1. Quick check: anything in region 1-16 touching a residue at least 60 places away in the same chain (Cβ under 8 Å), assigned to a helix (DSSP H, G or I), of a type in the set (S, T, N, Q) and surrounded by fewer than 16 Cβ atoms within 10 Å (Cβ to Cβ)?
2. In region 109-160, which residues are more than 14 Å from the chain's Cα centre (by Cα) and either at pLDDT below 95 or small (Gly, Ala, Ser) (or both)?
3. Scan region 143-164 for residues that are part of a helix (DSSP H, G or I), of a type outside the set (Gly, Ala, Ser) and over 18 Å from Phe190 (Cα atoms) and jot them down.
4. Got at least one residue in region 89-105 being assigned to a helix (DSSP H, G or I), within 14 Å of the chain's Cα centre (by Cα) and modelled with pLDDT of 95 or more?
5. Quick check: anything in region 90-104 surrounded by 18 or more Cβ atoms within 10 Å (Cβ to Cβ) and within 22 Å of Lys181 (Cβ to Cβ)?
6. Select the helices (runs of 4 or more DSSP H) contained entirely in region 187-278, then report the ones holding at least 1 residues which are small (Gly, Ala, Ser) and buried (at least 22 other Cβ atoms within 10 Å of the Cβ).
7. List pairs: first in region 142-171 and touching a residue at least 12 places away in the same chain (Cβ under 8 Å) and over 21 Å from Ile72 (Cα atoms), second among the acidic types (Asp, Glu) and crowded, with 21+ Cβ neighbours inside 10 Å, Cβ under 8 Å, 6+ apart or cross-chain?
8. Identify the single condition in (1) surrounded by 16 or more Cβ atoms within 10 Å (Cβ to Cβ); (2) within 25 Å of Val63 (Cβ to Cβ); (3) over 18 Å from the mean Cα position of the chain (by Cα); (4) aromatic (Phe, Trp, Tyr) that Phe163 does not satisfy, given that it satisfies every other one.
Amino acid sequence: MNNQKEIIEANMKGAVTKATLPLGRMIVLGIMAGMFIALGGAISNTAVHDIANVGLARTLAGVIFPVGLLMIILVGGELFTGNCLMIMATMNKQIKVSALLRNLVVVYFSNLLGSLIIDVLIFYSGNLDYTGGALGAYTIKVALGKVNIALGKAIVSGILCNFLVCMAILMATSAKDVIGKIFATWFPIFAFVIGGFEHIVANMFYIPTGILAASNPDYVAKAQELYGITSEQLSALDLSGLIHNFIPVTIGNILGGMVFIGCTLYFIHYGSEKKERK
């Protein structure tokens with residue numbers, strides 16, 4: 001197991017590699033990561049859609065959802081939220097700010113593309129037909145909850161989410177075998193799902209899939225039957241509703257990953273050293 005400073009150093013070394021990836025490879029890795037996270041969301045939704053107890057449903061979702069990040073860590077992928085940790089290498093002058101921004105922008109939209117691919121595949125696979133269309137109705141309900149979240153809550157929830165996601169990534173770096181990486185990754189992601197915090201890449205699955213589900217009259221009828229969702233409420237499931245969620249959640253995720261984790265850990269392990277050198 002690596003010590004704390006070795007974990008930070010390993011992450012910064014990895015950030016240099018990320019910053020210098022050829023554009024095509026960066027895009028493909030970003031698409032793969034978006035697909036992995038979307039699959040985690042799809043599978044966890046399928047498992048919990050018919051569970052009335054919120055605590056139990058979130059606990060089960062928390063058990064299942066981490067499979068998405070585990071696939072990224074074990075197989076490979078570029079994930080926007082995790083790449084916010086590249087701020088440490090930037091502060092250490094190992095990569096330029098322009099390289100950081102290039103990676104984050106390219107990976108963000110690549111994650112979105114990967115998620116949208118899974119969104120469409122899930123919609124046309126018949127997966128949402130589970131339990132007489134109840135999964136489709138649940139998907140609509142989840143999406144509505146996200147597009148109607150208040151601005152401040154979305155930012156704070158995003159901070160808390162990426163605090164835990166970045167901790168999962170750093171903890172996985174501390175492990176030297178597959179089992180260790182699985183356990184290190186699983187617990188923080190389990191915690192963020194139970195907390196119901198907002199993850200922008202996960203929302204790239206939840207909201208677009210909810211918009212697609214709302215185009216199916218059977219799912220809409222089931223959503224009205226099970227949750228009392230009205231036509232007026234459904235009107236929020238559009239591009240403006242998506243943007244209403246994406247912008248504050250993205251800001252929150254950046255703050256959680258860069259400021260609360262990246263900058264703080266860099267200061268702890270390198271700030272005092274730089275003062276001593278002066």
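1. yes
2. Ser125, Gly126, Gly132, Gly133, Ala134, Gly136, Ala137, Ala143, Gly145, Ala150, Gly152
3. Across region 143-164, the qualifying residues are Leu144, Lys146, Val147, Leu151, Lys153, Ile155, Val156.
4. For region 89-105, residues assigned to a helix (DSSP H, G or I), within 14 Å of the chain's Cα centre (by Cα) and modelled with pLDDT of 95 or more: present.
5. Among the residues of region 90-104, not one is surrounded by 18 or more Cβ atoms within 10 Å (Cβ to Cβ) and within 22 Å of Lys181 (Cβ to Cβ), which makes the answer no.
6. Filter on region 187-278 gives 200-213, 217-227, 239-254.
7. If the second residue must be among the acidic types (Asp, Glu) and crowded, with 21+ Cβ neighbours inside 10 Å, the pairs left are Lys146/Glu198; Ile149/Glu198; Ala154/Glu198; Ser157/Glu198.
8. The one condition Phe163 does not meet is (3).
The values are calculated or read from the model by the stated rules, or taken from the named source; none is laboratory data. Remember, predicted model here, so these are calculated numbers, not experimental data. All Cβ positions, even for glycine, are placed from backbone atoms using ideal geometry, and neighbour counts span all protein chains on display.
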